Amino acid sequence: MLFSTFGAAVRSFYLICALTCIQIVAPTTAVAQTNPFDGGWVLQNQGSALNFQSVKNGSVIEISRFATFTGEIQPDGSATVQVMLESVDTNVDLRNVRMRFLLFESFKFPQATITTQIDAALVSDLAKTRRQQIRLPYTLALHGIEKADEADVVVTLLTDNLVSVATAQPISVSTADFDLTDGVEKLQDAAGVTILPVATVTFDFLFERQSAVTQAPETPAAAPAKVALEAEGTFDEEACIGRFDILSRSGNIYFRPGSSALDPSSGALLNQLFDVVSRCPGMKIEVSGHTDSDGSSASNQRLSEARAGSVTTYLIDKGIDGARIVTVGFGEARPVAPNDTPKNKSRNRRIEFAVVE
């Protein structure tokens with residue numbers, strides 16, 4: 001009886017001790033949620049990818065990419081990615097130039113911008129799950145137009161300091177939504193193909209936690225290996241001929257109605273023209289003016305000559321040797337389209353460039 005009573009007392013002691021220990025170690029308040037964006041994140045160009053797929057002639061699929069982009073995710077979950085349109089890379093030099101000048105008009109619209117606001121609640125347990133698919137609203141600013149949409153993306157925590165944000169499936173982008181229809185038509189004319197007026201975009205962006213980003217060295221860093229920008233230096237003859245053909249198709253040299261005075265909005269393309277002429281040394285360039293058929297043939301001839309002369313004067317004033325330029329006007333004699341609609345007449349009112357020697 002004595003041992004039984006003693007044993008019961010011991011068991012009671014251990015039970016009380018256990019309950020007391022639980023009370024001691026149990027938290028008295030809930031642990032605060034960790035902000036998944038704390039400190040901010042920076043997009044790493046190397047290790048990231050941004051591609052788009054187009055279809056020509058009904059069945060030929062081409063995959064191109066943008067090589068240079070920057071971005072960040074702020075501590076409040078707001079995110080921005082800026083894409084340098086000059087870095088479009090199709091793996092063919094002149095095709096890159098066509099995309100820049102004829103489709104994206106990157107001399108006027110150098111960047112595309114993607115913005116979004118990420119709800120922290122959607123990725124609050126990413127440290128545990130490591131991978132989640134979420135529906136993300138975003139706004140794309142391209143070619144001077146903004147459009148809001150949504151996309152399914154996969155967020156993968158690779159390490160404590162690296163996270164991937166990638167498309168779960170391709171995103172369709174209509175060229176009409178961003179006023180790129182004329183650019184598609186110019187591409188078709190230049191390349192002699194038909195192009196579907198929609199592209200699909202995929203990306204896999206690698207973000208590094210801001211606190212873990214290595215500071216840039218004091219010595220100048222080498223140019224990023226992925227940058228698909230135009231090479232520096234002199235162009236060969238093929239590159240010059242191809243670029244002048246593309247510049248002739250751009251349609252971005254404007255004059256006041258019935259006048260040979262250059263409109264200020266022509267400056268962006270004229271600066272590009274000067275750059276190309278400068279990088280084709282030793283070559284003689286023809287600058288030719290063309291008009292629609294409105295008005296008399298004689299007045300159109302004079303106007304075409306005067307407009308070509310204004311472009312030549314611009315190049316000479318910028319430092320190009322006048323002896324390298326042949327200036328000519330063809331009036332209404334060489335239309336590229338019937339003069340039956342305002343759009344076709346606009347196509348016929350143009351300045352063309354060609355290598356003549």
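Readers should treat all values here as calculations from the given coordinates under stated rules, not as data from a laboratory. Please read all numbers here as calculations on a predicted model, not as lab measurements. Note that we place each Cβ from the backbone using ideal geometry, even for glycine, and neighbour counts take in every protein chain shown.
Under a 5 Å amide H cut-off, with hydrogens placed 1.01 Å from N, K284 pairs with V356, E357 among residues at least 5 apart or on other chains.
Applying the Karplus parametrisation 6.51 cos²θ - 1.76 cosθ + 1.60 with θ = phi - 60° to the phi angles of region 281-294, what ³J(HN,Hα) value in whole Hz is obtained for each residue in order, glycine and proline being reported as x? Calculated HN-Hα couplings, in order: x, x, 9, 8, 10, 9, 10, 10, x, 9, 10, 7, 9, 5 Hz. The dipole here belongs to the chain: it is taken about the Cα centre, uses +1 on the Cβ of Lys and Arg and -1 on the Cβ of Asp and Glu, and is about 420 debye. Relative to the longest principal axis of the Cα atoms of the chain, the long axis of helix 297-317 makes an angle of roughly 60 degrees.
Note the listed values (1) 30, 60, 10, 0; (2) 24, 41, 21, 7, 4, 2, 0; (3) 29, 52, 19, 0, then indicate which one is P(r) over Cα pairs in 20 Å bins from 0, in percent calculated from this particular structure. Matching the structure shown: (2). Seen from L162, the other residues with C-beta closer than 10 Å to its C-beta sum to a net charge of -1, counting Lys and Arg as +1 and Asp and Glu as -1.
Around the Cα centre of region 237-355, unit charges on the Cβ atoms of Lys, Arg, Asp and Glu (plus for the first two, minus for the last two) sum to a dipole of about 160 debye. To the nearest ten degrees, helix 2-25 and the longest principal axis of the Cα atoms of the chain are 20 degrees apart. In the structure shown, do any of K318/K343; K147/K345; K56/K186; K147/K186 have a Cα-Cα gap over 25 Å, and if so which? Checking Cα-Cα distances, K318/K343; K147/K345 exceed 25 Å.
Among L269, L142, G331, which residue has its Cα furthest toward the positive end of the charge dipole of the chain, with +1 on Lys/Arg Cβ and -1 on Asp/Glu Cβ? The listed residue farthest towards the positive side: L142. Rounded to the nearest whole Hz, the Karplus-based 3J(HN,Hα) values (6.51 cos²θ - 1.76 cosθ + 1.60, θ = phi - 60°) of region 166-177 follow the sequence 9, 5, 7, 8, x, 9, 7, 10, 7, 5, 5, 5, with x at glycine and proline.
Using only side-chain charges placed at the Cβ, +1 for Lys and Arg and -1 for Asp and Glu, the dipole size of region 145-303 relative to its Cα centre rounds to 440 debye. Using modelled amide H (1.01 Å from N, peptide plane; none on Pro or chain starts), what sits under 5 Å from the amide H of S48, excluding residues fewer than 5 places away? Under 5 Å from the amide H of S48: L206.
Residues whose amide H lies under 5 Å from that of G71, counting only those 5 or more places away or on a different chain, are L43, Q82; hydrogens are built 1.01 Å from N in the peptide plane. In order along region 326-334, phi translates into HN-Hα couplings of 9, 10, 8, x, 10, x, 9, 6, 10 Hz, rounded to whole numbers, per the Karplus curve 6.51 cos²θ - 1.76 cosθ + 1.60 with θ = phi - 60° and x for Gly and Pro. Calculated mean residue ellipticity at 222 nm for the chain: -8500 deg cm²/dmol, from DSSP H runs with n ≥ 4 weighted as -39500 (n - 2.57), summed, divided by the residue count and rounded to 500. Specify the angular offset, from 0 to 90 degrees and rounded to the nearest 10, of the alpha carbon long axis of helix 181-191 from the longest principal axis of the alpha carbons in the chain. Helix 181-191 sits roughly 60 degrees off the main axis of the chain.
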